[in-house]
Amino acid sequence: MSCMSVAEAFKAKPGSKTTVKGWVRTRRDSKAGLSFVAITDGSCFDTFQIVVPADLANYAEEVQKLTTGCSIEADGELVESQGKGQSIEMQVSAVRVLGWVDDPDTYPVSAKRHTFEYLREVAHLRPRTNSFSAVARVRNCLAQAIHRYFHENGYCWIHTPIITASDCEGAGQMFRVSTLDAANTPRTPEGAVNWEEDFFGREAHLTVSGQLNVECYCLALSKVYTFGPTFRAENSNTSRHLAEFWMVEPEIAFADLNDDANLAEDFLKHCFKTLLNERADDMAFFNERIDKTVIETLEHMIESPFERVTYTDAVKILEKSGKKFEFPVAWGSDLQSEHERYLTEEVFKKPVILMDYPKDIKAFYMRMNDDGKTVAAMDVLVPKIGEIIGGSQREERLDVLDQRIDAMGLPKENYWWYRDLRRYGTVPHAGFGLGFERLVQFCTGMANIRDVIPFPRTPKNAEF
RNA sequence: UCCCCGAUAGCUCAAUGGUAGAGCGAGCGGCUGUUAACCGCUAGGUUGCAGGUUCGAGUCCUGCUCGGGGAGCCA
């Protein structure tokens, strides 16, 4: 006998004989001589109703003892439903129980409402809930959409390293990678830890960005991107930060900041369109139960051109707004969350691309503008999340790059291979970084970033 | 890391310093082509951990752990 996923069964013709497999969500017995069992296998949002007749040999002993979470497989015929609530269901001829639930009273994800905070403590079982299976499918859909977008537009996916031997970007705290015995580290004559005896013969860390590496491939393959895990050891405790997260970083050669902004806008719109098109069931759930405006918001994003404003103009807008902010606005200091949200949520009511930031608040590799005061950086701001993308045109002129490295007191020798890119056939190029979880957050309306990644890594939490 | 809030039944929450309760979930029974079904009954607790104040602490105080909201940092 054939076998179907729940998603396939919903689309199949009545009369098909098949087998479905999944986990019990609910069971309702009827004295009419049957039980209704709703099962899910994660292939789509909806549960599938199977109708089990009481004359099955294992009805009293097994079927009537099924509780939420039990795994079963059922043979039968797909029929049009006699009840309301579903168009198709299965008339069952045999049920086999694959796995029981030890103690239904303490089953952690019983068929009732649970808080997200609680479900985080049972991260191994939360994918069995409506919300987390929906998040998993949306996350997958967006990841596939991202790869498809770049693939169809001629980009090459570059696998940049997870372990890096030098803190090239200087972006935040890094996790150390070491095989030394922590209780008995080798020492130099001066008493410092002797990293030369470590695995790589030098200090090594988990990557905070694949950007510098991907630039090497950009200046050979022209259109490239990375999409992989990234690590920050910052002690950040917010609903928008993870110690381990996934980042998308495209890099384009022969391109300036405007090309970069165009790419960011087109890319985001493609992701939103794909999601609404391919996961309508899950998005209907998020729109109904998590955030009543998500679908409307995404549709609005797809239709409207993103607003482009220079940092300098944004500061003027904020100063003239008359709005009282907790932190004052001043040219030269970075915009606060409240400023960014005011711009995107109240002034423009759509995504805003802020461009040309003061050089002193941005990284060394960002291209110096002709005014000598600003660099060709951009941030894409969206309502609720704030900054979802950060990018820049990279400094392709070696002399200017060296000046910036010196001015910021960075060790030039560490950047020897990065500087080589400017010595041998340099070209204007640009790129950006997108926090993948923030994209999932924005698209689902989920309030906490810990609920859009299967096993969140945050300070004091790596249980699963 | 800073500020604020919280931790009581499997889960969500009640309980003037004075015998710890409800809803949901679970078990049993009833009813029903049912839909987060419905109705009845039953079980379920060293009140996060360690101290302290008090005749008496879930409640007040101190420390710790963990969780939440906000901020910083950022993606």
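The values are calculated or read from the model by the stated rules, or taken from the named source; none is laboratory data. A quick note: this is a predicted structure, and the numbers were derived from the prediction, not measured. Here Cβ is always computed from backbone atoms with ideal geometry, including for glycine, and neighbour counts include all displayed protein chains. Heavy atoms of the whole protein, side chains included, go into the accessibility calculation; ligands, DNA and RNA do not. Shrake-Rupley method; radii C 1.70, N 1.55, O 1.52, S 1.80 Å.
Observations on the structure shown:
- Residue within the range A:209-216 that is within 8 Å of RNA strand B (Cβ to nearest atom), within 23 Å of A:ALA143 (Cβ to Cβ) and under 18 Å from the mean Cα position of the chain (by Cα) present: yes
- Of everything listed in (1) within 16 Å of RNA strand B (Cβ to nearest atom); (2) outside any strand (DSSP E or B), the single unmet condition for A:ALA183 is (1).
- Residue within the range A:280-293 that is open to solvent by less than 60 Å² (accessible area, probe 1.4 Å) and within 22 Å of A:GLU340 (Cβ to Cβ) present: yes
- Spans of strands (runs of 3 or more DSSP E) in the range A:369-462 with at least 1 residues within 16 Å of RNA strand B (Cβ to nearest atom) and open to solvent by 50 Å² or more (accessible area, probe 1.4 Å): A:386-394
- Which listed residue is of a type in the set (Asp, Glu), surrounded by fewer than 18 Cβ atoms within 10 Å (Cβ to Cβ) and not in a helix (DSSP H, G or I), from A:GLU234, A:GLU249: A:GLU234
- Residues located in the range A:112-163, provided they are in contact with a Lys or Arg (Cβ under 6 Å, 6 or more places away or on another chain), assigned to a loop (DSSP other than H, G, I, E, B) and over 18 Å from A:PHE436 (Cβ atoms): A:GLY154
- A:VAL51, sole failed condition from (1) closer than 30 Å to A:CYS141 by Cβ; (2) near RNA strand B (Cβ under 8 Å from one of its atoms); (3) of a type in the set (A, V, I, L, M); (4) in contact with a Leu (Cβ under 7 Å, 6 or more places away or on another chain): (1)
- Residues of the range A:87-107 satisfying the condition of being near RNA strand B (Cβ under 6 Å from one of its atoms) and either in a loop (DSSP other than H, G, I, E, B) or under 30 Å from A:SER16 (Cα atoms) (or both): A:GLU89
- For the range A:340-363, the count of residues that are part of a loop (DSSP other than H, G, I, E, B) and open to solvent by less than 20 Å² (accessible area, probe 1.4 Å) is nonzero.
- Of all the residues in the range A:67-85, those that are near RNA strand B (Cβ under 6 Å from one of its atoms) and either open to solvent by less than 50 Å² (accessible area, probe 1.4 Å) or closer than 22 Å to A:PHE132 by Cα (or both) number 4.
- Within the range A:92-134, the set of residues being modelled with pLDDT of 90 or more, open to solvent by 70 Å² or more (accessible area, probe 1.4 Å) and closer than 21 Å to A:VAL63 by Cβ comprises A:SER93, A:ARG96, A:LEU98, A:TRP100, A:ARG128.
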